[in-house]
Structure formats: structure tokens, C-alpha cells
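Student: Below is one structure. I have some questions about it.
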Amino acid sequence: MSASFRRSAVAIGFAALLLALVPLFTGSFVLHVLTIALYYVILAASWNLLAGYTGQFSLAHHAFAAIGAYTSGLMGYHLKISPWIGIPCGVMLAGVCGLILGRLVLKMRAIYLAIATWAFAETFHIYLTADYKFTRGELGLSVKSLYGTTDPMPYYFTFLALTVLVLLGLRLLIDSPLGFFMRAIKDDELRAKSLGIDTTKVKIAVFAISSAIAGLAGGFFGHYIALLTPQMIDFSEMAKIVVMVVIGGFGTFLGPIVGAAPVQVVMTYLQSYGEWNLAVFALIVIVLMRFSMEGVASLFTPLWRRVWNWK
């Protein structure tokens, strides 16, 4: 176990302990906002694994979250299967779809890869909307709540535990030989090939892993909000994930963690501005990028390296 993993584990554990105390001082609405924020932390961190560390700019990550959510939701709606069985099925299906899509598109580069993955997401969006007899379309698919209650408290702790486990798993992966191959591919894919790295297999493996993680987050999310609609796969969702990672720090372990939660919290409270909320948020993003093009995490990099030697 590497020193960087131990330092990360201590930092994540300390942050989780502080977050576990939040319900003592807040109400249900704040817990709901933070639960959704943790969902986006998982999505942002898993997308950053693919785009930030491997250099593969996919625009279908939100689609895999929807696959996880709809798989479990549809199994419960049509077959009366427990969410505790449906969620693992959703994770596996998201991973398999990521594996298949990866084999089809990951030989593409740059804008071609982005367009291909976007096309997959839009196709799935259209299917969810059109096949309303099966998916319920815009009418919404009613999903069983995981704990039989709408109280956000148990879901908050569930997502907190999931976030900790996912982040620790990602840290292990980044520090592993596969993580070294990922960074080599991002830096110079041709040189990585010349060193004997099977770049296609590495990219497909990372694509499948990140897709499965998105499916995991989507499965639990679906059983929290209890009503699934095709809006879950709107392109605005993918754009939000990208913004979270970029604001936090693209290609850094800490970036999605410090970027996702604040963005979601700010966007939630900006909804009171109605149609102006996106304009206000865009202004905030412009100001942040003006002062730190490398993301919020870079503002604290000197301190973190001094204390944790964190890379």
C-alpha cells in the first residue's frame, strides 16, 4: 500500500468524519442538497479517471448513471425485484455497456471520441423518451425508495459511505500499474505504445470501470429520488459534471472532490433566481477560471504538498 494512498485515506477519513457530524446541526433540506452533492462527487471523480487521467474525453458518463438507475428501477417496476438486487445488476449492465462502447469508439481521438459518446447518450435519451410503455418516458418511472422513507438522513450516510469507498478505490487504482499506464497514455500515447503498453486495452478497461462506478451512483440515486425521467440524461447533466471537474482541477485526484459538491450546492441555491441562475453561475465560473485556470485545488496545492506531499 503506497504512502500516497495512506495519506489520502487519512484525509478522506477525516473529511468523512466531519461530514458525518453535519446532521447534528442541519435540517432535512440541507441534508438533501448534500446527498445530491455526494452523488455528483462520485460521478465527477469517476469521469475524471477517464478524462483527467487517461485523456479520453467521453460525453456519455451521465448515460451510464441513467443505465444504472433505470435498470434497477425497471426491474423493480415490472418484475418487483428488490433494489438490493437491481442496483448490482445496473452496475454490471453499465460496466458491460461501457466495455462495448469503449471497444467501438476508443480508437477515435479528441472531438471524434466526444461526438461518438455524445451520440450514444442522445440515442439512449431518445429511447427512454420514446418507449414510454416500458420506460414511462416523460411520465416518469416510479421507483421504490431504498429504505421505505423520504427522509434524507439514511441516504446521506449511504452516499457518504459510497463516496468514501469509491474515492479510496480510485486512489488505489491511480497508484497501481494501471494508473501508471493511464498517465502514460494521456502524456504521449504513441510513446506508451512504443514501451509495450497495450493502450487500447487500458483505455477500454478504464472506460468500463468508470462506467460501472457511474452506474453504481445512478442506481442509488434513482432509489433516493424515487422518480426517474429522461431529464436524468439531458446534456446539461454531462455539462455539469465537466464543469465540476474543471473548476475543481482537471486531472487531479482532489479536483472532483473540491469541485463537485460546491458547484451542486451553489446551483441549488441559485435556482431562486429563476432563468437568471445559469447566467449568475456562468459569471462565477468565469471569475474562478480567471484567477485559477488549473482549478480550485491548485490554490491550495502548496499547503497540501507541504502537509501531505499530495500529488
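The values are calculated or read from the model by the stated rules, or taken from the named source; none is laboratory data. The structure displayed is predicted, hence computed values, not measured ones. Reconstructed Cβ throughout: ideal geometry from the backbone, glycine too, with neighbour counts over all protein chains shown. Only protein heavy atoms, including side chains, enter the accessible area calculation; ligands, DNA and RNA are left aside. Shrake-Rupley method; radii C 1.70, N 1.55, O 1.52, S 1.80 Å.
Student: Give 45, 37 a once-over and let me know the one that is buried (at least 17 other Cβ atoms within 10 Å of the Cβ), more than 21 Å from residue 226 (Cα to Cα), modelled with pLDDT of 90 or more and among the aliphatic types (A, V, I, L, M). Explain how you work it out, then say what you get.
Tutor: Values: 37 fails: more than 21 Å from residue 226 (Cα to Cα).
Going through 45, 37 in turn, just one is buried (at least 17 other Cβ atoms within 10 Å of the Cβ), more than 21 Å from residue 226 (Cα to Cα), modelled with pLDDT of 90 or more and among the aliphatic types (A, V, I, L, M): 45.
Student: Test residue 184 against the criterion of being over 18 Å from residue 214 (Cβ atoms), out of contact with any Phe, Trp or Tyr (no Cβ under 9 Å at 6 or more places or on another chain) and modelled with pLDDT of 90 or more, and give yes or no.
Tutor: yes
Student: Might you check whether a residue that is farther than 22 Å from residue 169 by Cα, touching a His at 6+ places or on another chain (Cβ under 7 Å) and not aromatic (Phe, Trp, Tyr) occurs anywhere in segment 220-228?
Tutor: no
Student: Say whether the condition of being aliphatic (A, V, I, L, M), in contact with a helix residue (DSSP H, G or I) (Cβ under 9 Å, 6 or more places away or on another chain), under 19 Å from residue 93 (Cα atoms) and open to solvent by less than 10 Å² (accessible area, probe 1.4 Å) is met by at least one residue in segment 237-247.
Tutor: no
Each row is one residue, and each column tells you yes or no for (1) under 28 Å from residue 266 (Cβ atoms); (2) touching a strand residue (DSSP E or B) at 6+ places or on another chain (Cβ under 6 Å); (3) assigned to a loop (DSSP other than H, G, I, E, B).
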| position | (1), (2), (3) |
| --- | --- |
| 40 | yes, no, no |
| 49 | yes, no, no |
| 58 | yes, no, yes |
| 64 | yes, no, no |
| 68 | yes, no, no |
| 84 | no, no, no |
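Student: Here's a follow-up. Residue check: is residue 12 in contact (Cβ under 8 Å) with a residue 60 or more places away in the chain and either touching a Cys at 6+ places or on another chain (Cβ under 9 Å) or closer than 25 Å to residue 142 by Cβ (or both)?
Tutor: When the stated conditions are applied, residue 12 does not pass them.
Student: Can I ask one more? Would you pick out the residues in segment 106-135 that are in contact (Cβ under 8 Å) with a residue 24 or more places away in the chain and more than 22 Å from the chain's Cα centre (by Cα)?
Tutor: Once the filter is applied, which keeps residues that are in contact (Cβ under 8 Å) with a residue 24 or more places away in the chain and more than 22 Å from the chain's Cα centre (by Cα), segment 106-135 yields 107, 129, 134, 135.
Student: Here's a follow-up. So how many residues does segment 23-42 have that are touching a residue at least 60 places away in the same chain (Cβ under 8 Å) and over 12 Å from residue 257 (Cβ atoms)?
Tutor: 9
Student: Please list, ordered by residue number, the helices (runs of 4 or more DSSP H) wholly in segment 185-276 having 1 or more residues that are touching a residue at least 24 places away in the same chain (Cβ under 8 Å) and among the basic types (Lys, Arg).
Tutor: Result: 199-225, 235-248.
Student: Examine segment 138-160 for a residue that is among the small types (Gly, Ala, Ser) and assigned to a helix (DSSP H, G or I), and state whether such a residue exists. Don't jump to the end; show me each part of the working.
Tutor: Of all residues in segment 138-160, those among the small types (Gly, Ala, Ser) come to 140, 142, 145, 148.
From the residues that got through so far, the ones that are assigned to a helix (DSSP H, G or I) too are none.
Checking segment 138-160: not a single residue is among the small types (Gly, Ala, Ser) and assigned to a helix (DSSP H, G or I).
Student: Any residue at all in segment 172-184 that is free of Cβ contacts under 8 Å to residues at least 60 places away in the same chain, assigned to a loop (DSSP other than H, G, I, E, B) and surrounded by fewer than 19 Cβ atoms within 10 Å (Cβ to Cβ)?
Tutor: The answer is yes; a qualifying residue exists.
Student: Which one of the conditions (1) β-branched (Val, Ile, Thr); (2) open to solvent by less than 50 Å² (accessible area, probe 1.4 Å); (3) not in a helix (DSSP H, G or I) does residue 117 fail to meet, given that it meets all the rest?
Tutor: For residue 117, the failing item is (3).
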